[in-house]
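Since the structure comes first, as structure tokens, the remarks are kept for the end.
The values are calculated or read from the model by the stated rules, or taken from the named source; none is laboratory data. Since the structure is predicted, the reported quantities are computational estimates derived from the model, not experimental observations. A quick note on method: Cβ atoms are made from the backbone with ideal geometry, for glycine too, and the neighbour counts reach across all protein chains shown. The accessibility values were calculated without ligands, DNA or RNA, using every heavy atom of the protein model including side chains. Shrake-Rupley method; radii C 1.70, N 1.55, O 1.52, S 1.80 Å.
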Amino acid sequence: MMNFEEFKAWVKENITSKDWKETSQIEISVVKKNNGVSATGLFIRESGQDVSPILYLDDYYIHYQNGELLENVIRNIRADYDKKVQMAAVKIPNLQEFENIRGRVIYRLVNYEKNKEILEDCPHIRLYDLAVTFRWVARIDDVGVSTSLITNKQVKEWGVSVNDLVLAARQNTPRLFPAQIIDMEEMLAGMVSFILYPSAIPMYILTNKQELNGASALLYGDILKDFANKKGADMYILPSSIHEVIMVPADRINDPTKLLSIVHDANTTVVSIGDVLSDSVYYYDRKKDQILVKA
């Protein structure tokens, strides 16, 4: 059985054929993802193609280790590539001009310390122990969402500032990824066939309609202020992942230190490494209209 390095070389040598993408350029490189997670990306660049789907060879290698025949691996890679190209069959704007993507710029919340290396290469804003990064949306529909990180190089080429990105993202993110607040008790009741007794501590999930990178909804205008005023209480905010946060009325919490343990335990046992947002607990003060870090 080939080791991973041999497997990568074999795929690069055999992925194209006279019947499939013979003139394409093949590149294999490490892709840095959220929270220091990295994967081995396969890029198949066809002539005249500005954007190439990424296929992660780590997953295919696992199938190979589990007994998948090499010819089936190649067949699956090609099929997955064709599927991704078809899914991404949208008109990509001319990326040389900022005006062409201004309406597609969004922001995303990530952990600052865990993403220092990536943050060196992209515009961002430090926010507590988090960072606000910026991406542009290539596709968003019922099939899926495809975005790309905006880099320092692109910002320089466009001749724009971080403030330009902020202004665009502030308008686009709530529009493209509308917020939703879910009562956790109602959600759980809908998943079972019996009636649940009311919980002693109400909990609410803040995310977006796509439930993808939904923690960024924390930055949507007056969403925290309006919700806290509606409930008549300040809110503890538990960053359950990059995809959502949990809000808990502060007047229902007797020992806030237990919330830290909940977040820490979830991040180490339930949430995948790439989806961790923070080990902190935040506090929203209605009177100050401000988020504070409790620890």
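From the residues in region 199-227 that are surrounded by fewer than 16 Cβ atoms within 10 Å (Cβ to Cβ) and of a type in the set (Gly, Ala, Ser), which one is nearest to residue 131 (Cα to Cα)?
Among residues in region 199-227 that are surrounded by fewer than 16 Cβ atoms within 10 Å (Cβ to Cβ) and of a type in the set (Gly, Ala, Ser), the one nearest to residue 131 (Cα to Cα) is 221.
Could you list all residues from region 130-148 that are surrounded by fewer than 17 Cβ atoms within 10 Å (Cβ to Cβ) and under 21 Å from residue 117 (Cα atoms)?
148
Find all pairs meeting these conditions: Cβ atoms under 7 angstrom apart; at least six residues apart or on different chains; first residue within region 243-265 and free of Cβ contacts under 8 Å to residues at least 24 places away in the same chain and closer than 30 Å to residue 210 by Cβ; second residue open to solvent by 50 Å² or more (accessible area, probe 1.4 Å) and of a type outside the set (Val, Ile, Thr).
Once the first residue is free of Cβ contacts under 8 Å to residues at least 24 places away in the same chain and closer than 30 Å to residue 210 by Cβ and sits in region 243-265, its partners that are open to solvent by 50 Å² or more (accessible area, probe 1.4 Å) and of a type outside the set (Val, Ile, Thr) give 264/279.
Between a first residue in region 1-30 that is over 19 Å from residue 67 (Cα atoms) and a second residue that is part of a strand (DSSP E or B) and open to solvent by 40 Å² or more (accessible area, probe 1.4 Å), which pairs have beta carbons less than 8 Å apart while being 6 or more apart in sequence or on different chains?
12/28; 24/45; 25/45; 26/45; 27/45; 30/38
Return the only residue of 8, 32, 18 being modelled with pLDDT of 95 or more and of a type in the set (D, E, K, R).
8
Where the second residue is open to solvent by 70 Å² or more (accessible area, probe 1.4 Å) and assigned to a loop (DSSP other than H, G, I, E, B) and the first is more than 18 Å from residue 33 (Cα to Cα) and touching a residue at least 12 places away in the same chain (Cβ under 8 Å) and lies in region 51-66, which pairs have Cβ atoms under 8 Å and are six or more apart or on separate chains?
Listed pairs, sorted by first residue: 64/1; 65/1.
Condition test on residue 147, is it closer than 30 Å to residue 293 by Cα, in a helix (DSSP H, G or I) and in contact (Cβ under 8 Å) with a residue 24 or more places away in the chain?
Here the answer is no, as residue 147 does not meet what is asked.
Identify all residues within region 1-44 that are closer than 25 Å to residue 133 by Cβ and among the basic types (Lys, Arg); write none if there are none.
Listed by number, the residues that qualify are 32, 33.
Is it the case that residue 157 is modelled with pLDDT of 95 or more, within 21 Å of the chain's Cα centre (by Cα) and open to solvent by 70 Å² or more (accessible area, probe 1.4 Å)?
For residue 157, the condition - modelled with pLDDT of 95 or more, within 21 Å of the chain's Cα centre (by Cα) and open to solvent by 70 Å² or more (accessible area, probe 1.4 Å) - is not met.
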